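Presented below is the structure to which this report refers.
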Amino acid sequence: MDIQGLSHEELDALRRKQALLWLPAGHDPADDGRDLPLDPAEAHARFDRCAGLLARVFPELRDAGGRLSSPLTPIPGLQRRLSPAGEPGALADGTWFLKRDDALPVAGSVKARGGFHEALALAERLALEAGLLNARDDRVLLAQPEARAWLGRHSVSVGSTGNLGLAIGLIGIGLGFQAVVHMSADAKAWKKDRLRGRGITVVEHAGDYAAAVAAGRDAALADPLAHFVDDERSEDLFLGYTTAARELVDQLQAAGRPVDAGHPLFVYLPCGVGGAPGGIAYGLKRLLGPHVHCFFAEPTASPCMLVQLAAGTHTPVSVHAVGLDNRTEADGLAVGEASPLVAPLMARLLAGVFTVEDDTLFRDAYALEQADDIAIEPSAAAGLRGPRWLLGSARGRRYLQRHNLTPLAEQATHVIWSTGGSLVPEDIRAQFRARGQALAAA
């Protein structure tokens, strides 16, 4: 199948699983999406009124007053290793940071904000309908035995490769729900073991991630007391992710990194189905408008958002349609079709997509650990090459030139989003490290 937004050269590289940077034609950085209907303020308000509840349910959040937040960490060691500065034609590389959602408390991944927000929205709705809560009540009442018993009659379920399942499962169990995660049979065994170890029911299905999602959705539809968290279509999930944008803006301000006409911000986000990176990008564009430029990073075998956006249609287009097999070690990013909720939003707001080979994920994760003593899972390393693509490739430099950003390269801030890894068992982490070390030495 031909894709109208891809040149023959790009399509050939895509089919060969060669890493590339794709830039949508006609992208306008000034489009901030403020006319779009989804409002991040709704999620901010819910997290504010549920902060006391979260602090009660999760001891890990008590010192933070029930707030989910992750560090913004400079990565000068990795910047020295991966920066293209000094190479022929490359631009100054500004300052690089890692947004460490791998270190988010409780759930340990980028999925936490979205998963927690959806479960809180469900708990509020059910308690209000049952008369256990009124609109002005302190949400800490949901931690009382009567409320937990009522919520315990209901289940919350999700189809996941692991990280979203853990986020939904932990907040679900924490609030008193029954929690069920539907996974493909070939999902990582250690992730299934971790879920089961926390009291979360794991149901395995033949097929890939999409098959597990479909099976989970069907099972929930057959049970009036079941709520399915739809990673492809859920507005509550999406809005939860948008709240990371305000957190990042506040952290950049505290770090003395302005974001304005003279100081652009570039953000690089690993992308699977698109909900988490899409929500973050949406929130950032709402806050920062033309001064922020968001790029997604996808595995060469599973570039579902790239394929969907390049196709220029609302009809779902699978990576299989262009001859790709959707088989990657980056299991959280192994998605064949992009979210039909998120893709149309990103068609307006996303600056571009670059793809990453599996070996590069392991090599870069190892480089980050060696350079800055930060250990993440390979899929979380997908964005680490973002600044190099933008500043060191001819296509990236053309993007900067087209939008009059070339003179500002030295003043720019680059934020690479790390999506998970703090909960990886040490024996699995040792395997990641060994593979990365072998690739680095080759």
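So here's what we get for this one:
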{"read-out": "Residue match in the stretch 233-254 (condition: among the acidic types (Asp, Glu), more than 27 Å from Ala187 (Cα to Cα) and at pLDDT 95 or above)", "value": "yes"}
{"read-out": "Some residue of the stretch 248-257 being on the phi > 0 side of the Ramachandran plot, surrounded by fewer than 21 Cβ atoms within 10 Å (Cβ to Cβ) and out of contact with any Gly (no Cβ under 9 Å at 6 or more places or on another chain)", "value": "yes"}
{"read-out": "Candidate set from the stretch 207-236 (those that are among the hydrophobic types (A, V, I, L, M, F, W, C), touching a strand residue (DSSP E or B) at 6+ places or on another chain (Cβ under 6 Å) and more than 22 Å from Ala130 (Cβ to Cβ)); member that is surrounded by the most Cβ atoms within 10 Å (Cβ to Cβ)", "value": "Val213"}
{"read-out": "Helices (runs of 4 or more DSSP H) enclosed by the stretch 222-320 - at least 1 residues per element that are free of Cβ contacts under 8 Å to residues at least 60 places away in the same chain and hydrophobic (A, V, I, L, M, F, W, C)", "value": "244-254, 275-288, 304-311"}
{"read-out": "Residues being in contact with a helix residue (DSSP H, G or I) (Cβ under 7 Å, 6 or more places away or on another chain), charged (D, E, K, R) and either in a loop (DSSP other than H, G, I, E, B) or free of Cβ contacts under 8 Å to residues at least 12 places away in the same chain (or both) - total across the stretch 89-127", "value": "1"}
{"read-out": "Long-range neighbours under 6 Å by Cβ, at least six apart or interchain, first residue assigned to a strand (DSSP E or B) within the stretch 178-191, second surrounded by 21 or more Cβ atoms within 10 Å (Cβ to Cβ) and of a type in the set (S, T, N, Q)", "value": "Val180/Ser157; Val181/Ser160"}
{"read-out": "Total residues in the stretch 176-201, condition under 30 Å from Val140 (Cβ atoms) and crowded, with 18+ Cβ neighbours inside 10 Å", "value": "9"}
{"read-out": "Some residue of the stretch 147-163 being in a loop (DSSP other than H, G, I, E, B), of a type outside the set (Val, Ile, Thr) and modelled with pLDDT under 95", "value": "yes"}
{"read-out": "Residue under evaluation Glu204, criteria (1) among the acidic types (Asp, Glu); (2) over 19 Å from Ala107 (Cβ atoms); (3) in contact (Cβ under 8 Å) with a residue 60 or more places away in the chain, criterion not met", "value": "(3)"}
{"read-out": "Checking Leu133 against (1) free of Cβ contacts under 8 Å to residues at least 24 places away in the same chain; (2) under 16 Å from Asp230 (Cβ atoms), the condition it does not meet", "value": "(2)"}
{"read-out": "One residue from Ala321, Ala297 being crowded, with 24+ Cβ neighbours inside 10 Å and within 22 Å of Ile3 (Cα to Cα)", "value": "Ala297"}
{"read-out": "Verdict on Asp102 being farther than 30 Å from Leu141 by Cβ, out of contact with any Pro (no Cβ under 9 Å at 6 or more places or on another chain) and surrounded by 15 or more Cβ atoms within 10 Å (Cβ to Cβ)", "value": "yes"}
{"read-out": "Hey, Leu166 touching a residue at least 60 places away in the same chain (Cβ under 8 Å), under 14 Å from Gly108 (Cβ atoms) and either surrounded by 16 or more Cβ atoms within 10 Å (Cβ to Cβ) or more than 25 Å from the chain's Cα centre (by Cα) (or both) or not", "value": "yes"}
{"read-out": "Unique match (being surrounded by fewer than 24 Cβ atoms within 10 Å (Cβ to Cβ) and of a type in the set (A, V, I, L, M, F, W, C)) among Leu368, Leu361, Leu284, Leu341", "value": "Leu341"}
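The values are calculated or read from the model by the stated rules, or taken from the named source; none is laboratory data. Everything numeric in this text was worked out from a predicted model, so none of it was measured. Quick reminder, even Gly has a Cβ in these numbers, built from the backbone with ideal geometry, and neighbours come from all protein chains shown.
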